[in-house]
1. Select from segment 65-78 the residues that are acidic (Asp, Glu) and assigned to a helix (DSSP H, G or I) and list them in ascending order.
2. What number of residues within segment 75-92 are among the hydrophobic types (A, V, I, L, M, F, W, C) and touching a residue at least 24 places away in the same chain (Cβ under 8 Å)?
3. Any residue at all in segment 53-64 that is among the charged types (D, E, K, R), over 24 Å from residue 102 (Cβ atoms) and outside any helix (DSSP H, G or I)?
4. I'd like the full set of residues that are among the charged types (D, E, K, R) and under 15 Å from residue 90 (Cβ atoms), limited to segment 56-71.
5. Could you check segment 85-102 and list, in sequence order, the residues that are open to solvent by 70 Å² or more (accessible area, probe 1.4 Å), of a type outside the set (D, E, K, R) and over 15 Å from residue 55 (Cβ atoms)?
6. Quickly run through segment 57-84 and pick out the residues that are surrounded by 14 or more Cβ atoms within 10 Å (Cβ to Cβ) and charged (D, E, K, R).
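The values are calculated or read from the model by the stated rules, or taken from the named source; none is laboratory data. Quick caveat, the model's predicted, so the values are computed rather than measured. We place every Cβ from the backbone using ideal geometry, glycine too, and count neighbours over all the protein chains shown. Protein only, heavy atoms only, side chains kept; ligands, DNA and RNA dropped before computing areas. Shrake-Rupley method; radii C 1.70, N 1.55, O 1.52, S 1.80 Å.
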Amino acid sequence: MNISFDIDNMTATRVDHIGGTSKVVKDAGVQSVGAVPERKGLFETYLLDAVSKMNDQQVEVSALQKQIVTDPDSVDIHDVTIAMAKAQSSLSLAKTVIDRIVTGWTELSQNR
């Protein structure tokens, strides 16, 4: 299975390779950021929710950074620092999780 993402249009294309044939599935379950499917208990749901929350933190930091540059008196520098630390931590955790998923998938595919 191959998945390609189109960030500009917020869509994904999945190509399933089953029994020597390929099936292309457009908009393969990826929705705009923040719109998590309502399927409870699925790993996909938890992963998309975590990515959405991470993105929200990054957007919040960006807004705070713009606000501190344009109107420094309206924002406490400690709030900006804390938001930046949280966003960095969540981005680092997401990178670690993605690396582990890729490593696990690689190990599974090599054992076939």
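1. Looking only at segment 65-78, we keep the residues that are acidic (Asp, Glu), and these are 71, 73, 76.
Hit for segment 65-78 is 73, nothing else.
2. Within segment 75-92, the subset among the hydrophobic types (A, V, I, L, M, F, W, C) is 75, 77, 80, 82-85, 87, 91.
Right, trim to touching a residue at least 24 places away in the same chain (Cβ under 8 Å) and you get 83, 87, 91.
Qualifying residue count for the region: 3.
3. No, because not a single residue in segment 53-64 is among the charged types (D, E, K, R), over 24 Å from residue 102 (Cβ atoms) and outside any helix (DSSP H, G or I).
4. Residues of segment 56-71 that are among the charged types (D, E, K, R), as a first pass: 56, 60, 66, 71.
Hits for segment 56-71 are 56, 60.
5. 101, 102, listed by residue number.
6. 60
A quick yes/no check of all residues on (1) at pLDDT below 90; (2) assigned to a strand (DSSP E or B); (3) hydrophobic (A, V, I, L, M, F, W, C):
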| position | (1), (2), (3) |
| --- | --- |
| 24 | yes, yes, yes |
| 38 | yes, no, no |
| 80 | no, no, yes |
| 83 | no, no, yes |
| 107 | no, no, no |
